[in-house]
1. Please work out the FRET efficiency for the pair Lys202 and His107, using the Cβ-Cβ distance as r and a Förster radius of 35 Å; give the result to the nearest 0.05.
2. Would you mind estimating how fast the chain diffuses translationally, via Stokes-Einstein at 25 °C and 0.890 mPa s with the Kirkwood radius over Cα pairs, in µm²/s?
3. According to a simple spin-label model (label point 7 Å from Cα along Cα-to-Cβ), what is the distance in nm between Lys38 and Arg165?
4. Using amide H atoms built in the peptide plane, which far-off residues or other-chain residues are under 5 Å from Val237 H to H?
5. If you take every DSSP beta bridge whose two residues both sit in the chain, what share of them, in percent to the nearest 5, is antiparallel?
6. With loop defined by DSSP as not H, G, I, E or B, and exposure as at most 15 other Cβ atoms within 10 Å, which is the longest segment of the chain clear of exposed trypsin sites (Lys or Arg not before Pro)?
7. Rounded to the nearest whole Å³, what is the per residue volume of the convex hull around the Cα atoms of region 185-262?
8. Can you tell me how much longer the chain between Thr7 and Ala275 gets when fully stretched, taken as 0.36 nm per residue apart minus their C-alpha distance, in nm with one decimal?
Amino acid sequence: MIVKKRTKPLKLMKLEVLNGRIVQNHSKIHLIGSDFAKYQAGFKGEMSLDFYLKDLNEDEYHIFHDLRLPQSSNEQFYFQIDTLIVHSQFCILIEVKNLIGNLYFDHQFDQMIRTRDGVDETFSDPINQVELQKAQFAKWLKLNKFPEIPLHSLVAITNPKSYIRISPKYGKKSQKIIRGNTLVNKINGYVSSEQESVLLKKDLKRLTKYLIREDTPQNPDILRNYSIQREEIVTGVFCPKCKKPPMIRLKRTWLCLNCSGKSSNAHEKALQDYAL
């Protein structure tokens, strides 16, 4: 059962609007566009993982997408989980990566190297990332007085066009790297190995309540993050047809001065953009 559905994150929504409304030739326009593309690709990867999760028995699993939980009771610091799967016998934390190209997991420097079109790009080792999340989640469970339950962590590579290579000395961590289409088989393996139920129905109910209550979506000040001033944002109503401003109001209709397109409700998108 999907308890918390996956929705487009606020940060991605804000980046999308900023990318469309930043003034032309701005010094940070390429950085903003690149960040937007990365976050959008990541979200698409997470959405593609959901396709495989539908094969799980809804009565046995509680699935939570995109959780952001406080590390301690003072709620100053948070940790994020792409997908959390709760079963009476165990919990699984999944870090989703939607990268295209050749991916090499390097044990020596705890990094992942992506090679695409002859260009190398380094990322932090996602296994270390999800292992840290697992440790933080274990502390969160203990802080909230839940039974000690086996925790598993996985990194799911969702892009079918990526080519995965792993250092020969990477060790047992390599077992945590999977393709999206092998996820259900991996979960079934945990069911076979962890045969004792730890979470009773009352525990599952209370855990669900706590996870939903303490989930705190990230809501960044996107203009401050990029040091963007208000006057550097293109204002006004954009045409839904040609995607350009300006539109002018004529009686009960908006008229585009570029393509002569008309709309009765183009201002609604402008108001949404303003709010973001």
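What follows is calculated from the coordinates using simple rules that are stated; it is not laboratory data. On a predicted model such as this, the values are computed, not experimentally measured, just so you know. All Cβ positions, even for glycine, are placed from backbone atoms using ideal geometry, and neighbour counts span all protein chains on display.
1. After rounding, the FRET efficiency stands at 0.25.
2. Reported coefficient: 115 µm²/s.
3. So the label points at Arg165 and Lys38 sit 2.3 nm apart.
4. So Val237 has HN proximity to Met247.
5. On the way: 30 of 46 bridges.
Restricted to the chain, the bridges split so that about 65 percent are antiparallel.
6. Counting only loop sites that pass the neighbour cut-off, the longest clear stretch is 55-144.
7. Convex hull volume per residue, Cα atoms: 269 Å³.
8. On the way: separation 268, 0.36 × 268 = 96.48 nm, distance 1.78 nm.
Going from the current span to full extension adds 94.7 nm.
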